[in-house]
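**Q** If you scroll down you'll find the structure; I have some questions about it.
What follows is calculated from the coordinates using simple rules that are stated; it is not laboratory data. None of the values given here were measured: they were computed from a predicted structure. Note: ideal-geometry Cβ built from the backbone for every residue, glycine included; neighbour counts use all protein chains shown.
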């Protein structure tokens, strides 16, 4: 039996595929591969780097899709189904909109792989695939979860090749975030000894990335994990909330365990914006002092910021870039506010008639699909591009990083890769807004 695992792209032109930049491999498919018995032949294709051969002879195609690649996923599914190959689709989008997905694929998977994939495989062997696989009322236990099969990623140049998870979910519940809808408002933790053993196997010569949505979501457990990681002498990066800065012991232990950088969701410099979307843990008046405190432990900070909140006007772009440069952020991930399906933000904007673009392809945190309150859609799109280019200008990279800081080569390499991607990608269509009369209906065959 042969199964093709597919991670679709957002329609990069074929000439750009060799230049594609991807930070992370899709760990969800590595988890699926780990749950697959060895007698099943697996092949993995990341469409950002390699074209999908729809004529390949397989017994099942399994697609993992976020919202922005749902239309492409449906198109691929149609091509495989024409050839008599059944297609299963999982991931956040099918979990949130299973009835939509069921129009285009043979099998819809709702929830996490551990709660669904083994039964799907058993039914495939018996020739009785069901239309829907849904995990039970409880989320899967993480004790004993198989180590992800990272070997399926060997031929692709991901920036963070050694990613692992110590926990799933986030204890917070922001209006714009789809994590809560997928994982529930839960924070489930793997046994620390299993996390440490996986980190040990990945080796001390690599930069590890903890893909937890918030590695300090449970501070007491995080301290225990960091103590257990210290003997490995690894170097790692991860994602955390700014609340980390309120606990000196937590920062010290993170640094001693090998933490080199943390991705922190500041989201906005406006207190009103943060209150409006439920991110009450972020106190803007503490941001700069918190950054300096984290940096004082030798931990670099990359910030995440979202443009398009209701209190944002055209001045937000310059203010946010200046904040990042002044505070010497090692990186910044700027995003356009996106009302993802299943979130409270989407429900609120839809009820207010503010969403004008219903093509899921544009729900990519780069395109503008709604009417902002204090600027035009065009201003938001153009400001997003300007901010990314300005932050990643040579002059600002130098102001933030210098030349001789610790991990200088890695930090410069990361920033130059981001600079090149934003020189090439955003202008392909970001400033051309799709207005209401041009909104295409979702037909599953967009190319």
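**Q** Between residue 79 and residue 289, what is the label-point separation in nm under the 7 Å Cα-to-beta-carbon projection?
**A** 5.6
**Q** Another question, if that's okay. Set the Förster radius R0 to 25 Å, insert the Cβ-Cβ distance between residue 155 and residue 130 as r into 1/(1 + (r/R0)^6), and round the FRET efficiency to 0.05. If you can, show how the numbers build up before the last one.
**A** On the way: r = 33 Å, r/R0 = 1.31.
With R0 = 25 Å, the Cβ-Cβ based efficiency is 0.15.
**Q** Next up: In nanometres, what is the gap between the two model label sites at residue 248 and residue 374, each 7 Å from Cα along Cα-to-Cβ?
**A** Result for the modelled spin labels: 3.7 nm.
**Q** Note the full-extension length gain between residue 310 and residue 173 as 0.36 nm times their separation in residues minus their Cα-Cα distance, in nm to one decimal.
**A** Gain in length upon complete extension: 47.5 nm.
**Q** Could you work out how much longer the chain between residue 141 and residue 224 gets when fully extended? Use 0.36 nm per residue separation minus the Cα distance between them, nm to one decimal. Numbers along the way, then the final one.
**A** Working: separation 83, 0.36 × 83 = 29.88 nm, distance 1.98 nm.
Stretched out fully, the residue 141 to residue 224 stretch lengthens by 27.9 nm.
**Q** OK, next. Could you give the length gained by full extension between residue 59 and residue 395, i.e. 0.36 nm per residue of separation minus their alpha carbon distance, to one decimal place?
**A** Length difference between fully extended and current span is 115.7 nm.
**Q** Can I ask one more? Using only DSSP helix segments of four residues or longer, with each worth -39500 (n - 2.57), what per-residue ellipticity at 222 nm results for the chain after dividing by its residue count and rounding to 500?
**A** -9500 deg cm²/dmol
**Q** Let me ask something else. Considering only C-alpha atoms, what is the centroid distance from the range 303-370 to the range 200-257, in Å?
**A** What the calculation gives is 28 Å, centre to centre.
**Q** Using alpha-carbon pairs under 8 Å, 6+ residues apart, how would you state the relative contact order of the chain in percent?
**A** The value is 13 percent.
**Q** Looking at the chain, send over the antiparallel percent of its DSSP beta bridges, to the nearest 5.
**A** 10
**Q** Most exposed first by the Cβ proxy, i.e. fewest other Cβ within 10 Å, how do 170, 259 rank?
**A** Ranking 170, 259 by Cβ neighbours within 10 Å, fewest first, gives 170, 259.
**Q** When a/c is below 1.5 the answer is rounded, else prolate if a/b is larger than b/c, else oblate, so apply that to the chain with a ≥ b ≥ c taken from the square roots of the Cα gyration tensor eigenvalues.
**A** Oblate shape, in that a/c is at least 1.5 and b/c is the bigger or equal ratio.
**Q** At 7 Å along Cα-to-Cβ for each site, give me the label-to-label distance between residue 352 and residue 1 in nm.
**A** The two pseudo-label positions are separated by 4.9 nm.
**Q** Just want the ordering: 411, 328, from fewest to most Cβ atoms lying within 10 Å of their own Cβ.
**A** The fewest-first ordering by Cβ neighbours comes to 328, 411.
**Q** Provide the packing ranking of 118-125, 86-93, 29-36, i.e. peptides ordered by the mean count of other C-beta atoms within 10 Å per residue, highest first.
**A** Highest-to-lowest ranking by the protection proxy: 86-93, 29-36, 118-125.
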